[in-house]
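Engineer: Have a look at this one.
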Amino acid sequence: MKWSFVIPYFNEADYLPATLESLAAQTFRPFRLILVDNGSTDASAALARQVGAMLPDIDVVHLREPRPGKIHALEHGLAAVATPYIAFGDADTIYPPHYLATADAAFAPGVVAVMGTDVPGDDAAAALRKRRHVRYASRLWPRQTHTGGYGQTFRTDALRAAGGYGERWWRYVLEDHEIMQRVGKQGRVVYPFDLWCVPSNRRADRSAVNWTLAERLLYHFTPAAAKDWYFYRFLGPRLAARRMDNLNLRDKTWL
């Protein structure tokens, strides 16, 4: 088997079934679907097993991570991967049928990560503009991250060589950007124009889990050679002072 798709979740009963249905419609076969329950107290785990049981041609693996925090669920999911390629997604995101096939085709020699763009599902013109923006931005700033954890795929060996996920590296929000700072040192990162997904519109307000405008601007203008300083000497301490660790995502104060 060539691909694993990891979905961590915590209390996502309203969104998880639609996400799993979109993964069931993938044209790329076979693949392993790893679902990591991060201690849900709603019906998410039961729904995951219910939908998973209806996918006989997909190898569905159910895991439970009791340590609270998305970073722990990601770490647990990665530890269970035995395939050369891995996709990470979010439990409130719709993936078009060609998603895995498009990612697979983009892994040319030297490419260590293939990234998907987030687009709105109800505005085709806006979706096209966003895809064009990311295409140009990723060419202008190839060592910066232009997408989030909902759309990241990796060569498994490159992700592990970079250290994978874990609080020993990063315990704050924006773990999807920090991981790319390390993975990008392993090789090329590409953003195919046709690789996109549709996160839920509840993401419109992320003020409780996001960086400030000044922090974002400094990220864009910090040279690649100084990005370690930016994350570990500048941004990390600032997020710690604001208590913006990865539990903020679990609590979903940004809904």
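Bear in mind these aren't lab numbers, they're just calculated from the coordinates by the rules spelled out. Just so you know, these numbers come straight off a predicted model, no measurement behind them. Ideal geometry is used to build each Cβ from the backbone, glycine not excepted, and the neighbour counts take in all protein chains shown.
Engineer: Using θ = phi - 60° and the Karplus curve 6.51 cos²θ - 1.76 cosθ + 1.60, what whole-Hz ³J(HN,Hα) does each residue of the stretch 62-69 get, with Gly and Pro shown as x?
Structural biologist: Computed from phi, the couplings for the stretch 62-69 are 9, 10, 10, 10, x, 5, x, x Hz.
Engineer: I want to verify the translational diffusion coefficient of the chain in µm²/s; compute it with Stokes-Einstein, Rh as the Kirkwood radius over Cα pairs, at 10 °C and 1.306 mPa s.
Structural biologist: 86
Engineer: Further question: Between the stretch 165-244 and the stretch 62-93, how many Å separate their Cα centres?
Structural biologist: 18
Engineer: Quick check: residue separation of residue 141 and residue 29 times 0.36 nm, minus the Cα distance between them. What number comes out in nm?
Structural biologist: Extra length available between residue 141 and residue 29 comes to 37.0 nm.
Engineer: Now for a different question. Build a GNM of the chain with springs between Cα atoms under 10 Å: which of 95, 232, 165 gets the top mean-square fluctuation?
Structural biologist: 232
Engineer: What is the gain in length, in nm to one decimal, between residue 122 and residue 42 on full extension, counting 0.36 nm per residue of separation less the C-alpha to C-alpha distance?
Structural biologist: 26.0 nm
Engineer: Would you look at the GNM of the chain, springs on alpha carbons closer than 10 Å, and say which of 154, 221, 31 moves the most?
Structural biologist: Maximum among the listed residues: 221.
Engineer: If you scale each eigenvalue of the Cα gyration tensor by 5 and take the root, what three semi-axes come out for the stretch 18-145, rounded to whole angstrom and sorted largest first?
Structural biologist: 27, 18, 16
Engineer: Another question, if that's okay. Using θ = phi - 60° and the Karplus curve 6.51 cos²θ - 1.76 cosθ + 1.60, what whole-Hz ³J(HN,Hα) does each residue of the stretch 19-31 get, with Gly and Pro shown as x?
Structural biologist: 4, 5, 5, 5, 6, 5, 8, 4, 6, 6, 9, x, 8
Engineer: Another one. Given the convex hull over the Cα atoms of the stretch 73-146, what projected area results after averaging over all orientations, in nm²?
Structural biologist: Quarter of the Cα hull surface area: 6.3 nm².
Engineer: Would you please report the Å³ per residue occupied by the convex hull of the alpha carbon atoms in the stretch 134-216?
Structural biologist: Expressed per residue, the convex hull around the Cα atoms of the stretch 134-216 is 122 Å³.
Engineer: May I pose another question? List the trypsin sites (Lys or Arg not before Pro) in the stretch 134-168 that DSSP assigns to loop (not H, G, I, E or B) and whose Cβ has at most 16 other Cβ atoms within 10 Å. Which are they?
Structural biologist: 143, 168
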